[in-house]
Amino acid sequence: TPIGTAYDGSSIYILDDENKPVRDGDEGEICISGQTAAGYLNLPSLTAERFIENPFSKGDDDKILFKTNDIGRINEKGMLEYIQRKDWMIKVRGYRVEPGEVEAAITKIDSIDQAVVKGFENAAGDTALFAVYTAKEKVEPEIISYEIKKTLPDYMIPVFFEQADKLPLNQNGKIDRKI
């Protein structure tokens with residue numbers, strides 16, 4: 001989703017896991033400096049994690065870098081694009097999986113309405129994917145698996161599927177991914 005550019009007095013950086021800038025077009029964490037808060041009220045550990053000293057500071061007005069925990073990129077037009085929350089990403093067998101990509105593949109199937117994909121750790125400590133979906137009619141998991149294997153690699157195929165009548169929503173009417 002395109003969300004624009006930095007406003008006057010602020011800067012946007014797309015950084016990797018080591019807080020180094022990525023190339024335009026590459027994905028990374030969206031970070032903001034300039035007109036930001038100094039931290040969270042009464043949450044010192046979260047403040048220390050998300051509000052860090054800005055290594056790119058050019059003066060007194062941008063000493064703090066806010067790490068948004070959102071993944072984005074700068075597109076070919078120089079616009080910031082939002083991809084998804086950083087904490088939604090899942091590592092499966094060493095590969096980075098964006099659940100939204102798997103969800104999009106599932107919802108392309110005609111009778112599927114919605115889907116949520118989450119990671120879970122099995123007894124051996126390996127991470128696998130679990131998909132919950134809603135549909136207009138009964139849809140067998142084997143059909144979903146067969147269809148999404150046409151466009152997704154094996155490591156992105158959920159090992160468990162569950163059809164639900166509806167997905168839980170948060171107060172804003174969006175799917176509640178924390179459940």
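The values are calculated or read from the model by the stated rules, or taken from the named source; none is laboratory data. Because the structure is a prediction, the values reported are computed rather than measured. Because the Cβ atoms are built from the backbone with ideal geometry, glycine has one as well, and the counts that use them run over all protein chains shown. Ligands, DNA and RNA are excluded from the accessible area calculation, which covers all protein heavy atoms including side chains. Shrake-Rupley method; radii C 1.70, N 1.55, O 1.52, S 1.80 Å.
Residues are listed down the side, and each one gets a yes or a no for (1) open to solvent by less than 70 Å² (accessible area, probe 1.4 Å); (2) of a type in the set (D, E, K, R); (3) under 29 Å from Asp16 (Cβ atoms):
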{"site": "Ile83", "(1), (2), (3)": "yes, no, yes"}
{"site": "Lys91", "(1), (2), (3)": "no, yes, yes"}
{"site": "Gly94", "(1), (2), (3)": "yes, no, yes"}
{"site": "Ala128", "(1), (2), (3)": "yes, no, yes"}
{"site": "Glu137", "(1), (2), (3)": "no, yes, no"}
Given the criteria in contact with a helix residue (DSSP H, G or I) (Cβ under 7 Å, 6 or more places away or on another chain) and not in a helix (DSSP H, G or I), does Tyr40 qualify?
yes
In the set Tyr133, Tyr155, which member is at pLDDT 95 or above and outside any loop (DSSP other than H, G, I, E, B)?
Tyr133
Could you give every pair whose Cβ atoms fall below 6 Å, whose first residue belongs to the stretch 104-124 and is in contact (Cβ under 8 Å) with a residue 40 or more places away in the chain and in a strand (DSSP E or B), and whose second residue is of a type in the set (Val, Ile, Thr) and open to solvent by less than 60 Å² (accessible area, probe 1.4 Å), counting only separations of at least 6 or pairs across chains?
Gln114/Thr134; Val116/Val132; Val116/Ile175; Val117/Val102
Residues (closer than 15 Å to Ser111 by Cα and touching a Pro at 6+ places or on another chain (Cβ under 9 Å)) located in the stretch 134-160
Pro141, Ile144, Ser145, Ile148
If a residue has to be without any contact (Cβ under 8 Å) to a residue 40 or more places away in the chain and surrounded by 12 or more Cβ atoms within 10 Å (Cβ to Cβ) to count, how many in the stretch 20-38 make the cut?
7
Looking only at the stretch 105-126, which residues are surrounded by fewer than 13 Cβ atoms within 10 Å (Cβ to Cβ) and of a type in the set (A, V, I, L, M)?
Ala123, Ala124
Any idea which of (1) at pLDDT 90 or above; (2) in contact with a Pro (Cβ under 7 Å, 6 or more places away or on another chain) is the one Trp88 doesn't satisfy?
(1)
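Can you find, within the stretch 64-97, the residue that is nearest to Ala124 (Cα to Cα) among those that are assigned to a loop (DSSP other than H, G, I, E, B) and free of Cβ contacts under 8 Å to residues at least 24 places away in the same chain? If you could, list the steps in order and put the result at the bottom.
Taking the stretch 64-97 and keeping what is assigned to a loop (DSSP other than H, G, I, E, B), we get 75-79, 89, 93-94.
Right, trim to free of Cβ contacts under 8 Å to residues at least 24 places away in the same chain and you get 77, 89, 94.
Details: Lys77: 45, Met89: 20, Gly94: 15 Å.
This residue is Gly94.
When the stretch 6-50 is examined, which residues are found to be polar (S, T, N, Q) and in contact with a strand residue (DSSP E or B) (Cβ under 9 Å, 6 or more places away or on another chain)? Step through it out loud before you land on a result.
Within the stretch 6-50, the subset polar (S, T, N, Q) is 10-11, 19, 33, 35-36, 42, 45, 47.
Of everything in the stretch 6-50, those that are polar (S, T, N, Q) and in contact with a strand residue (DSSP E or B) (Cβ under 9 Å, 6 or more places away or on another chain) turn out to be Ser10, Ser11, Asn19, Ser33, Thr36.
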